[in-house]
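Below is one structure, written out as structure tokens; comments come after it.
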Amino acid sequence: MAEETMTLRVTRYRPERGPDSYLDEFDVPYREDMVVLDALNHIKDDIDGSLTYRWSCRMGVCGSCGMMVNGMPRLTCSTYLREFHPEPVVIEPLESFPVIRDLVVDMTDFLEKLREVKPWVIREREDAVEEGEYLQTPEEVDRYKQFSMCINCMLCYSACPVYAQDPEFLGPAAIALASRYNLDSRDQGRSERDEVLGVDTGIWDCTFVGECSVVCPKDVDPAAAIQRTKVSTTTRGMLAAVWPHRGRR
Ligand code: SF4
Ligand code: FES
């Protein structure tokens, strides 16, 4: 019996050949248990070794295999071909990021935004090591755990119409990451992060479209993180106006 196949239309971009990208078409063997990344790996191994894309873990953990699959930002290692079979599937680089080559985008802006929110525990005074750990109850961990599940896949930025219009927007994952530390009982750095969150290009740029949470493969719910931060920032600003010495902590 003839082997079943499926067609992939894949964006190619070779900066040394000019500014335009184009779609290349490949027929790959089809099995029900194949994910899109398996098909790309087949192309690279057996058809065209020059195809360029990122991946690492193949199990939805490293966050490096995000691409547009039929127009939606998806992890290609977690997206089965059977969802689209027998129709052709179109694979493009993540939207809203500069493309370096074929399906590889430039992550510089994203990484810079993560760094801007100071994603580490900030203490007003560091206790000496011999004083022991900063302990937390399970309830205190639960307050931020959801926002700590982010794998930095950038799908939420690709889905966000605000980031597409205004690349200055801090964006969903960076705001969720700031929330992860602001909600941590060991942290005292909220007012430092407010300098990045509380400006127009921070939380206030978000128009609550919510697509970031729809495409997030880890249920981080960055849209909720943004709305919570809007509420807490407004409340703390009002408290600071009425009660200058207590509102801003
Ligand atoms: S919030 Fe979700 S979609 Fe955005 S980078 Fe993190 S895991 Fe990916
Ligand atoms: S290859 Fe690591 S998340 Fe897909």
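A few notes on this one:
- Cα centroid separation - region 137-164 against region 172-234, whole Å: 8 Å
- Here's how it looks for V35: its modeled amide H is under 5 Å from those of L81, which are all 5 or more places away or on a different chain.
- Zone residues, region 147-184, relative to Q227, backbone N less than 19 Å from point 7 Å out along Cα-to-Cβ: 147-148, 156-157, 159-163, 171-180, 183
- Gap separating the Cα centres of region 99-126 and region 1-39, nearest whole Å: 31 Å
- Here K145 is the anchor, and the aspartates and glutamates within straight C-alpha reach of less than 18 Å, apart from those fewer than 8 places off in the same chain, are D184, D187, D219, D221.
- Subtracting the Cα-Cα distance of W120 and L23 from 0.36 nm times their residue separation leaves 30.7 nm of extension gain.
- Between the helical axis of 222-242 and the longest alpha-carbon principal axis of the chain there is an angle of about 20 degrees.
- Result for the chain in a Gaussian network model with C-alpha springs under 10 Å: among P138, P15, P167, the largest mean-square fluctuation is at P138.
- Surface accessible to a 1.4 Å probe, V99 within the full protein complex, Å²: 50 Å²
- Against the criterion of solvent-accessible heavy-atom surface with a 1.4 angstrom probe, S56, S158 sort, most first, into S56, S158.
- Acute angle (nearest 10 degrees) that the helix 172-182 long axis makes with the longest principal axis of the chain, alpha-carbon atoms: 30 degrees
- Calculated FRET efficiency for the pair C57/A240, C-beta based, R₀ 41 Å, to 0.05: 0.40
- Accessible area, probe 1.4 Å, largest first, for residues T76, T108: T108, T76
- R0 of 25 Å, Cβ-Cβ distance Y80-N152: FRET efficiency to nearest 0.05: 0.60
- For region 95-249, convex hull volume per residue from C-alpha positions, Å³: 126 Å³
- Ranking D102, D33 by solvent-accessible area of protein heavy atoms (1.4 Å probe, all protein chains present), from largest to smallest, gives D33, D102.
- Those aspartates and glutamates that a straight Cα-Cα span of less than 18 Å connects to K44, excepting residues fewer than 8 apart in one chain: D24, E25, D27, E92, D102
- The calculated 222 nm mean residue ellipticity attributable to helices in the chain amounts to -9000 deg cm²/dmol, summing -39500 (n - 2.57) over DSSP H runs of n ≥ 4 and dividing by all residues.
The values are calculated or read from the model by the stated rules, or taken from the named source; none is laboratory data. In this text the structure is predicted, and so the values were computed from the model without any measurement. So basically every Cβ, Gly included, is an ideal-geometry build from the backbone, and we count neighbours across all protein chains shown. Quick note on the areas: whole protein, heavy atoms, side chains included, nothing else; ligands and nucleic acids left out. Shrake-Rupley method; radii C 1.70, N 1.55, O 1.52, S 1.80 Å.
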